[in-house]
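**Q** Pasting in a structure now, in structure tokens, and then I'll have a few things to ask.
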Amino acid sequence: MTYKTFETERLLLRPTDPQDADLIFRLLNTPKWLAYIGDRNVTSIEEAKAYITNKMTPQLERLGYGNYTVIRKEDGSKLGSCGIYDREGVEGVDIGFAFLPEFERKGYGLEAATKIKETAFSEFGINHMQAYTSKKNSSSQRLLEKLGLQQTGTTFLPNDNEELFVYSISNTKS
């Protein structure tokens with residue numbers, strides 16, 4: 001099956017697949033990912049391929065959306081990922097993003113997440129989405145607020161003992 005890719009002024013967002021294992025390996029092992037999202041125990045490129053195949057691809061196949069690799073159009077650099085996630089044990093979907101350290105604070109996160117949010121509402125029929133962030137992750141909190149999400153409470157995700165902030169937004173055009 002062919003899945004949609006999306007473009008912004010500077011970026012291409014395409015569904016993550018095993019050819020992105022190098023990016024996913026690096027991303028899952030950045031200090032911020034480990035501190036704010038958690039260790040996924042992906043210790044090699046081969047394990048990153050398996051992570052993509054077993055954790056990311058099934059949702060894409062089931063729902064038609066999921067994790068997108070963010071690529072800079074100017075030079076083809078893979079910057080990070082952004083997507084809409086349907087987590088087991090959690091009601092509804094959430095938006096999430098992560099970028100390699102050298103591509104942070106350049107507006108790519110806002111640009112990619114804005115496109116993903118708009119697409120979720122306009123093309124995927126999603127009317128409400130959430131986001132979860134560590135209470136210590138102020139940069140993600142600021143980005144979520146720029147996207148129009150508002151903090152609505154706290155929660156614990158299944159099998160996680162860290163209390164997270166919950167941010168929410170509803171589609172006002174539906």
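**Q** (1) touching a strand residue (DSSP E or B) at 6+ places or on another chain (Cβ under 6 Å); (2) more than 23 Å from residue 9 (Cα to Cα); (3) open to solvent by less than 20 Å² (accessible area, probe 1.4 Å): which one isn't true of residue 137, the others all being true?
**A** Just one mismatch for residue 137, condition (1).
**Q** Right, another one. Can you find, within segment 68-99, the residue that is farthest from residue 29 (Cα to Cα) among those that are open to solvent by 30 Å² or more (accessible area, probe 1.4 Å), touching a Leu at 6+ places or on another chain (Cβ under 8 Å) and assigned to a strand (DSSP E or B)?
**A** Selected residue: 72.
**Q** Which number in (1) open to solvent by 20 Å² or more (accessible area, probe 1.4 Å); (2) on the phi > 0 side of the Ramachandran plot marks the one condition that residue 61 misses?
**A** (2)
**Q** Follow-up question, since we're still on this one. Of everything in segment 20-38 that's part of a helix (DSSP H, G or I) and open to solvent by less than 20 Å² (accessible area, probe 1.4 Å), which residue is farthest from residue 114 (Cα to Cα)?
**A** In this case the residue turns out to be 21.
**Q** State all residues of segment 108-125 that are open to solvent by 40 Å² or more (accessible area, probe 1.4 Å) and small (Gly, Ala, Ser); if no residue qualifies, say none.
**A** 122, 125
**Q** Any residue in segment 113-125 that is outside any helix (DSSP H, G or I) and in contact with a Pro (Cβ under 6 Å, 6 or more places away or on another chain)?
**A** no
**Q** Restricting to segment 39-49, what's the tally of residues that are surrounded by fewer than 14 Cβ atoms within 10 Å (Cβ to Cβ) and either part of a loop (DSSP other than H, G, I, E, B) or free of Cβ contacts under 8 Å to residues at least 24 places away in the same chain (or both)?
**A** Total satisfying the criteria: 4.
**Q** Let me ask something else about it. For segment 80-94, check the following and say yes or no: at least one residue is over 24 Å from residue 171 (Cβ atoms) and among the aliphatic types (A, V, I, L, M).
**A** Within segment 80-94, not a single residue is over 24 Å from residue 171 (Cβ atoms) and among the aliphatic types (A, V, I, L, M).
**Q** I would also like to ask the following. Among the residues that make up segment 115-130, is at least one of them of a type outside the set (A, V, I, L, M, F, W, C) and under 27 Å from residue 39 (Cβ atoms)?
**A** Yes: segment 115-130 contains one or more residues that are of a type outside the set (A, V, I, L, M, F, W, C) and under 27 Å from residue 39 (Cβ atoms).
**Q** Do we have residue 136 as part of a loop (DSSP other than H, G, I, E, B), over 16 Å from the mean Cα position of the chain (by Cα) and within 22 Å of residue 23 (Cα to Cα) here?
**A** The answer is no for residue 136.
The values are calculated or read from the model by the stated rules, or taken from the named source; none is laboratory data. Quick caveat, the model's predicted, so the values are computed rather than measured. Please note: Cβ atoms are built from the backbone with ideal geometry, for glycine as well, and neighbour counts cover all protein chains shown. Areas reflect the complete protein model, heavy atoms only, side chains present, ligands, DNA and RNA absent. Shrake-Rupley method; radii C 1.70, N 1.55, O 1.52, S 1.80 Å.
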